[in-house]
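Data block below; observations after.
The numbers here are math on the coordinates, done by the rules we state, and not lab data. This one's a predicted model, so the numbers in the text were calculated from it and none came from an experiment. All Cβ positions, even for glycine, are placed from backbone atoms using ideal geometry, and neighbour counts span all protein chains on display.
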Amino acid sequence: MSAAKAAVTKTTVTKNGTPRPPRSSRAGGGSAAGAGAKAVPAEPWTPREAEEYYGFRRWGGSHFSVDDGGLLRVHPLGDQRAIRILDIIREAESMGIRPPLTIRVQDMLRRRVIQLNEAFRAAIRDEEYAGRYRGVFPIKVNQLREVVEEILDAGEQYDFGLEAGSKPELLVALALLENKNALLVCNGYKDDEYIRLALMGRRLGKQTIIVIEQLSELDAIIRLARETGVAPHIGLRLKLTTAGEGKWADSTGENAKFGLAATEIVAAARKLKRARMGDALRLVHFHIGSQVPNIATIKKAVAEAARYYCELVRMGFPMGMLDVGGGLGVDYDGSRSNFESSMNYNMEVYARDVVANVKSVCHRCNVAVPDITSESGRALVAPHSILIFEAVDRIVRGDLASEPLRGRHPVIVREMEDIYRNPSRLDALERLHDARQKRDEAHSLFNLGYLGLEERAEVDRLFWLTCRDIRAKLPASAAAAPDDIAALDRLLAEQYVCNFSVFQSLLDHWALDQLFPIAPVHRLDEKPTQPATLVDITCDSDGKVSDFIDVEDVRHTLDLHPLVPGKRYYLGAFLVGAYQDIMGDLHNLFGRVNEVHVFLEDDEADGFYIEETIEGSTTDKILGMIQYSADDLCRMLKRQIDRATRNDEVKPREGVALLETYEKLIRSKTYLVTGGGKRK
């Protein structure tokens, strides 16, 4: 962060100008008491067990730990300095910013930029590589101004540049990228306006490179370069035969959407020479897909691209740069494997293998090595962002708290009661099968009119009690049990209703089955005893999270703490800084969540300060995006209230109150307002 930023943003007053209360007097106060208070004695459980179960040390490396009070801490620089996440939430709430909430740990973002550049510097030094590293950040991964500016500020010393994949992104990049030693790589489909913008960058002295995605783009570049008198720098995107791996494997290889096959590369080379613009060709580029889990795939792709580079040099083009694109992964589950949600390498290994393979191919071909460019986006921005949301309710399988049916029971009820109350008669599997059979019979009898609603409800209640009893009598893990028994964990899991939208904040989970680490941020000194899945507050059955990270696998429930009436329960989704902010969907008109930007600060009592707050979407702004005017809607409702008042259906004072409520809510946030001030 620049000194100017720090001077402007650090403050001791709230947004409305009133002084902040001292940290020690705020709700929560950084202790486990507020949000983490316990209603009953908890089972023995240590912070180390919490770290192991939720995987903080695996996927978080040195960046997350649990303190002795059961509070999750983030270590932005991976050292001993830590910030309790609950303290950030309390600080934000004191400023009027409540969950659902995105926390951006800006020091972590800056550290990732430095780590990537230093990894390549070390690899270049160790391999005695004659070229240099010239990285760029692909804006499409997170276009938010605060993120892009922070990356550029951290990367200034490394001449770290930007990649744009569309006209709007290029407009942003041209304005923000002032370092004339940094690259500006222009990808994506291009019309004349896009190409003119890129050439404008060259006119301003920027290191702009127009990458040819389709052969047809080259004619336009040649024509506009002659028209404007600007000598372009051009790159060719390769369509490699090496296929990608992981969730995005289909976006690569010979059927990829972008890139030139070998015949098209030769055609482009000849066209440039005929136009006497051979000196313009400076770069070859490829993209092997996002989140590549296997380093072997990356090494193979780099070697193939380096051969193309050497052949273009042999054909007489000046070249000078090889862009290895994206693909550097994030270890979402911490398994360090080639599972699609993981990666079997780290940033240092990635840099070393890229450098070594480019050098090896170039030396075999007797070609001077190029400068190396990469477009690593996910690996830079994913770790710095944490989504905080509150579990506000629970959905239980059957109303187990309901009273038993009184009086004489029908036969089907007595048979189900016998299965429940006499467990020793049958083994677990037979007991489960019999219980299912009786419940199915009861449902059929109900549909035919031979069983009343109360009797059917009693059969359902006894069925769920039987299932819970069967599971309770099994060992802690039912992994080796028959499939029907093993499925009980998922069957019996509660659904925690959470105040957020999967479609807005975790879209990749819904669309691509992307796994994100999810865990409580407090009460981690209590044993989590309730297997659960998460459902959001949208009116869509797909608005849920029922797949969670495990070591090289997927678990279908997550053990959480029982909800305590009157106490808040906060969960965090981690590593969500890549794509989720931009690709969020307005399903049910839930907009962007609130946001805070956090920096370490040794002089502060809690070791941090909130540099900036960004309020989430208000309802009127969301409505405006779909062609509704809040003022028009208020006028339309007022006409209806006035009509009801004239007809004596509504009292005048009541009508005024109704309109005031409507006007207030239409300008409020889109998410639930939970607790009414009663929760702690």
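Dipole of the chain computed with +1 at Lys/Arg Cβ and -1 at Asp/Glu Cβ about the Cα centre; of Asn338, Cys365, Gly60, farthest Cα towards the positive end is Cys365. The residues Cys365, Cys498, when put in order of fewest to most other Cβ atoms within 10 Å, stand as Cys365, Cys498. Distance from the Cα centroid of the range 617-680 to that of the range 57-98 is 38 Å (rounded to whole angstrom).
So if each residue of separation counts as 0.36 nm, and I subtract the Cα-Cα distance between Glu660 and His556, what length gain in nm does that give? Before the final figure, lay out each step's value.
Values: separation 104, 0.36 × 104 = 37.44 nm, distance 4.51 nm.
This chain segment gains 32.9 nm when fully extended.
Here Asp191 and Asp418 are evaluated by their C-beta separation; at R0 = 56 Å the FRET efficiency comes out at 0.15.
Hey, what D do you get for the range 328-473 in µm²/s if you plug the Kirkwood alpha-carbon radius into Stokes-Einstein at 10 °C and 1.306 mPa s? It comes out at roughly 75 µm²/s. Converting the Cα gyration tensor eigenvalues of the range 411-488 into ellipsoid dimensions via √(5λ) gives semi-axes, longest first, of 25, 12, 10 Å. Convex hull volume of the Cα atoms of the range 108-246, normalised per residue: 142 Å³. Fewest-first ordering of Ser668, Ser337 by other beta carbons within 10 Å of each residue's beta carbon gives Ser668, Ser337.
Consider all pairwise Cα distances in the chain and report the whole-number % of them above 32 Å.
Working: 137665 of 230860 pairs.
Every Cα pair in the chain considered, those over 32 Å come to 60 percent.
The Rg/Rh ratio for the range 296-341, using Cα coordinates for both the radius of gyration and the Kirkwood hydrodynamic radius, is 1.18. The modelled label-to-label distance for the pair Lys271/Asn588, using points 7 Å beyond Cα in the direction of Cβ, is 4.9 nm. A dipole drawn for the chain from +1 and -1 charges on Cβ atoms has a positive end, and of Leu524, Gly566, Ser629 the residue lying farthest that way is Ser629. Dimensions of the range 120-181 from C-alpha coordinates, computed as largest minus smallest value along each principal axis and given longest first, are 39, 21, 20 Å. In µm²/s, what is D for the range 628-677 at 25 °C and 0.890 mPa s, where D = kT/(6 pi eta Rh) by Stokes-Einstein and Rh is the Kirkwood radius from Cα pairs? After rounding, the answer is 203 µm²/s. If one computes P(r) from the Cα atoms of the range 521-680, what percent of pairs lie at distances over 28 Å? For the range 521-680, the share of Cα pairs beyond 28 Å comes to 47 percent. Compared with the dominant principal axis of the Cα atoms in the chain, helix 453-472 is inclined by about 60°.
Spin-label pair Glu430-Ala511: with each label point 7 Å from Cα along the Cα-Cβ axis, the two points sit 5.3 nm from one another.
Take every Cα pair under 8 Å whose residues are at least 6 apart in sequence, average their separation, divide by the length of the chain, and the relative contact order is 16 percent. For the chain, the Cβ-based charge dipole about the Cα centre amounts to some 1440 debye (Lys, Arg positive; Asp, Glu negative; other atoms uncharged).
Ranking Met343, Met200 by Cβ neighbours within 10 Å, fewest first, what do you get? Mind dumping the intermediate values first?
On the way: Met343 29, Met200 15.
The fewest-first ordering by Cβ neighbours comes to Met200, Met343.
Ranking Ile485, Val172, Leu204 by how far each Cα lies toward the positive end of the dipole of the chain (charges on Cβ) leaves Leu204 at the top. Here the range 463-522 was treated as a single set of alpha-carbon atoms; its pair distances binned every 10 Å from 0 give 17, 34, 29, 20, 0 percent. For the chain, Cys186, Cys362, Cys467, Cys498, Cys539, Cys634 stand unpaired, since no other cysteine beta carbon lies under 4.7 Å from theirs. Taking label points 7 Å from Cα along the Cα-to-Cβ direction, Asp440 and Asp393 give a separation of 3.3 nm. For the listed residue pairs Lys167/Lys206; Lys257/Lys299; Lys621/Lys664; Lys271/Lys299, the alpha carbons are over 20 angstrom apart in Lys257/Lys299; Lys271/Lys299. Across the range 335-402 the C-alpha pair distances fall into 5 Å bins from zero in the proportions 3, 10, 13, 14, 12, 10, 9, 7, 5, 4, 4, 3, 3, 2, 1, 1, 0 percent.
Simple point charges give the picture: +1 on the Cβ of Lys and Arg, -1 on the Cβ of Asp and Glu, and for the range 425-548 a dipole about the Cα centre of about 380 debye.
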